[in-house]
Structures are given as structure tokens and as C-alpha cells.
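Q: Pasting a structure here, questions to come.
Computed from the coordinates by the stated procedures, all read-outs in this text should not be read as laboratory data. Keep in mind the model is a prediction, meaning the values are calculated, not measured. Methodologically, a virtual Cβ is constructed for each residue, glycine included, from the backbone with ideal geometry; neighbour enumeration extends over all protein chains shown.
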Amino acid sequence: MNQRPHVAVVGATGAVGIEMIKTLEKRNFPVGKLTLLASARSVGKTLPFRGEPIAVKELTKDCFTGIDIALFSAGGGISKEFAPLAVKAGCVVVDNSSAFRMDDSVPLVVPEINADDVKKHKGIIANPNCTTAITLMALYPLHQAFGCKRIFASSYQAVSGTGAKAIIELERQVDQIVKGQPVTKEVYPHQIAFNVLPHVDSFLPSGYTKEEMKMEGEGRKIMHHPGFRASVTCVRVPVYRAHSVAVSAEFEKPVSVEAALEVLNRAPGLDVIDVPAKCEYPLPLHQAERYNCAVGRIRKDCALENGLCFWVSGDQLLKGAALNAVQIAEELLK
Ligand SMILES: NC(=O)c1ccc[n+]([C@@H]2O[C@H](COP(=O)([O-])OP(=O)(O)OC[C@H]3O[C@@H](n4cnc5c(N)ncnc54)[C@H](OP(=O)(O)O)[C@@H]3O)[C@@H](O)[C@H]2O)c1
């Protein structure tokens, strides 16, 4: 791999794309050249990188010539259509969508957990679902120490997880309510302002949503743990940025709070914030724009054998998307 690669961000104008550009800059990724790609609607816009305005170009079938690494975040349909073309042009694709995550020939990577899987790529590497990535940042170190059998979890997912339009929807609805105007809906099926929606992604015949089942499927692949089981309820909450997950985990081995804290305090990319007496625990408001995820409310589960409850919070635009993608690109240069 070229050590000063030509990098493309596909979906550069989106909620994740903008964070990818910022993350490449902040982490001093050795970008030789940056190409920003989006739909024809965005042609004419510029986005800043290292103090310079970069023009957004239209994503087309032949735009990948000369590009070494393409970070895709323009939705699954765009990834399915354009990622194979990018690979044909000699590019390595890091894909944020769900298009290739469960494909056996595509590594699915959280660098703190399975960085070595990057080496197995055949042109495409997948970035995991944001809620799964944030949960595993705390769960995987515990799994290594105590052997995780299964989890029961509920997520509290920020609107930016749905993209830039959903941030505008929450702002608009709050403004409408404050002004006593009728509330309008464009993104979610119900009002999201001052409400919570037990509905993220589309429903499956089982009654779970696709998002809810990603925890088990993607968790098994990332942790190399085919027996892992997860029963999850995903909930959208009126938070701008950073997802939180309440987890009850059951382990093979006995687990104590002290032993769990020892493990979690050593875990990479994770902060422990757990002083309930001082009202100190992870909050999405504080995790927004931070690279590390945070875990707290750690306690023995009173209803499970060898069970532990915890609350993990992390910026899903970063660890759940842009940061994780740039970390994968960093692995490619090693
Ligand atoms: N948001 C998150 O927290 C998060 C986390 C993990 C993964 N992801 C995944 O990342 C992807 C992007 O999510 P997002 O939240 O950033 O969405 P978003 O804010 O809606 O942005 C979508 C991006 O895709 C571009 N795009 C849409 N249609 C296109 C087309 N026909 N040709 C070229 N570009 C097109 C848009 O360009 P225009 O501005 O020109 O329309 C925009 O740059 C999705 O696959 C999502 O599942 C998101």
C-alpha cells in the first residue's frame, strides 16, 4: 500500500462523511491526496481539509482510477453498486454500510478486537453496525476474561445515526413544539422530539428489527465467537449524537465487579466512568465527539448466573463509523 495514499470519501457530505474528513485530519492520516465524492446534488459544494476547501465531485463509475483507499458511507445501495468497481480499479474499500458485513469473504473489523482480520481482505473491509461496535468495546474484554454466553440489551440511539436529515428533523420538531405549531414528520414514522421510538431499522418476521439482530450476527463474526447470543431492543431517542446501550451479560465463569473493573480499566479505547454516588456515569452528551467509548453502572446482575450489568456509551459517528473506518485504513498502512 502506498504510504501516502490517495484517499476518497464516498458520501463526503453526509453525517459520517464529514466526520471521516475531520478524523483523517485530526489523526494525521498521511493522506497524499483527498477526493470527496457525493451525489450530483452536492457538486459545487466544498468541504475543508487541512485548511483548504476541497470541491465535492460526483460519484461515477470511472472515478476511482488512481485512488488507493475509498471510505464509503453513502448507503448500502451505493456500496453494492460502486464498491466492486472501486476494487476493480485497484482501490481498497472500507465500507460503512451493511452491504458486505456478513459476506464470508469480507472481514468485519473493530481494530481493538480483530485488527488481524484486515489482512484477509480481498478488496473490501466492512465497518460494523454502530450499536454493535460500541457494545463490543466493553463486552469483548469481558468475554476474553470470563467467556460471554449471551446478552440482553436495550439501546438508546441518537438521531444522527439515521443521518443528517434526522438531526434537522429533531431540531425542527423541537422548534415547532416550542412555538405551538403543528409537528411535521419526514424521517421517522412518529414524532421524535420529546418521545422515544422502539423501532430502529425494518421489522423481521420474528418481530425483532434488522438492527437488533446485527448485535448477534456481527458480534459472532467480530469476536470469532459463533455461539454468542444476543436479545436486543433498539430504541431511538431524542439525542443528537452518541448511542448508549444497557447490557445484561451472562458469562461462563463467575464474575465480580472488582474483576470486571480490572479488565475494563485495561481495555483499549474505553474509559471507565463509574462513581454512582457522585452521579458519575457515561452520558451521550459527554461522549459526543470523543474517540473513546465509556462504560459505567457496573454491577452484578441480580437475575442471571455469572451475570453483569453495565451501561456503555459512545459516539456512533466516530467509533461506530468514521473513527473505526480510519483506524482500519491505518491498519492497511502497517
Ligand atoms: N450515521 C451513523 O451514525 C452511521 C453509523 C454507522 C454507519 N452508517 C452508515 O453510513 C452510511 C451513511 O450514513 P449517514 O448517516 O452519513 O447518511 P447521510 O447523512 O444521509 O449521508 C448520505 C451521504 O451519501 C451521499 N449519497 C446519497 N445518495 C447518493 C448517490 N446516489 N450518489 C452518491 N452519493 C450519494 C449523500 O450525498 P448528497 O449530500 O449529495 O446527497 C451523503 O454524502 C449509511 O450506509 C449508514 O448506514 C451511519
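Q: Do any residues in the range 43-63 that are over 12 Å from residue 9 (Cα atoms) and in contact (Cβ under 8 Å) with a residue 24 or more places away in the chain have Cβ atoms under 8 Å from those of residues that are of a type in the set (Phe, Trp, Tyr) and surrounded by 12 or more Cβ atoms within 10 Å (Cβ to Cβ), where the two are at least six apart or on different chains, and which pairs are they?
A: 61/82
Q: Name the pairs whose Cβ atoms lie under 8 Å apart, with the first residue in the range 299-325 and on the phi < 0 side of the Ramachandran plot, the second part of a helix (DSSP H, G or I) and among the basic types (Lys, Arg), and 6 or more positions between them or separate chains?
A: Sorted first by the residue in the range 299-325, then by its partner, the pairs are 322/22.
Q: Which of (1) surrounded by fewer than 16 Cβ atoms within 10 Å (Cβ to Cβ); (2) of a type in the set (D, E, K, R); (3) over 22 Å from the mean Cα position of the chain (by Cα) is the odd one out, the single condition residue 210 does not satisfy?
A: Going through (1) surrounded by fewer than 16 Cβ atoms within 10 Å (Cβ to Cβ); (2) of a type in the set (D, E, K, R); (3) over 22 Å from the mean Cα position of the chain (by Cα) one by one, residue 210 breaks only (3).
Q: Restricting attention to the range 1-27, and to residues there that are over 21 Å from residue 316 (Cα atoms) and away from the ligand (no atom under 16 Å from the Cβ), which single residue is surrounded by the fewest Cβ atoms within 10 Å (Cβ to Cβ)?
A: Within the range 1-27, the match that is surrounded by the fewest Cβ atoms within 10 Å (Cβ to Cβ) is 3.
Q: Next question, about the same structure. May I ask you to list the residues in the range 59-96 that are crowded, with 22+ Cβ neighbours inside 10 Å and small (Gly, Ala, Ser)?
A: Within the range 59-96, 70, 73, 74, 79, 83, 86 qualify.
Q: Separate question: So residue 157 passes all but one of these: (1) touching a His at 6+ places or on another chain (Cβ under 9 Å); (2) at positive phi. Which condition number does it fail?
A: For residue 157, the exception is condition (2).
Listed here are the residues, each with its yes/no results for (1) within 20 Å of the chain's Cα centre (by Cα); (2) among the small types (Gly, Ala, Ser); (3) more than 19 Å from residue 130 (Cβ to Cβ).
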{"residue": "244", "(1), (2), (3)": "yes, yes, no"}
{"residue": "247", "(1), (2), (3)": "yes, no, no"}
{"residue": "250", "(1), (2), (3)": "no, no, yes"}
{"residue": "253", "(1), (2), (3)": "no, no, yes"}
{"residue": "262", "(1), (2), (3)": "no, no, yes"}
{"residue": "272", "(1), (2), (3)": "yes, no, yes"}
{"residue": "277", "(1), (2), (3)": "no, yes, yes"}
{"residue": "281", "(1), (2), (3)": "no, no, yes"}
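Q: Give the residue that is nearest to residue 266 (Cα to Cα), with candidates limited to residues of the range 143-164 that are aromatic (Phe, Trp, Tyr) and over 14 Å from the mean Cα position of the chain (by Cα).
A: Initial filter on the range 143-164 (aromatic (Phe, Trp, Tyr)): 146, 152, 156.
With the extra rule that they be over 14 Å from the mean Cα position of the chain (by Cα), the set shrinks to 146, 152.
Values: 146: 15, 152: 24 Å.
Result: 146.
Q: In addition: All but one of (1) part of a helix (DSSP H, G or I); (2) polar (S, T, N, Q); (3) within 15 Å of the ligand (Cβ to nearest atom) hold for residue 155; which doesn't?
A: For residue 155, the exception is condition (1).
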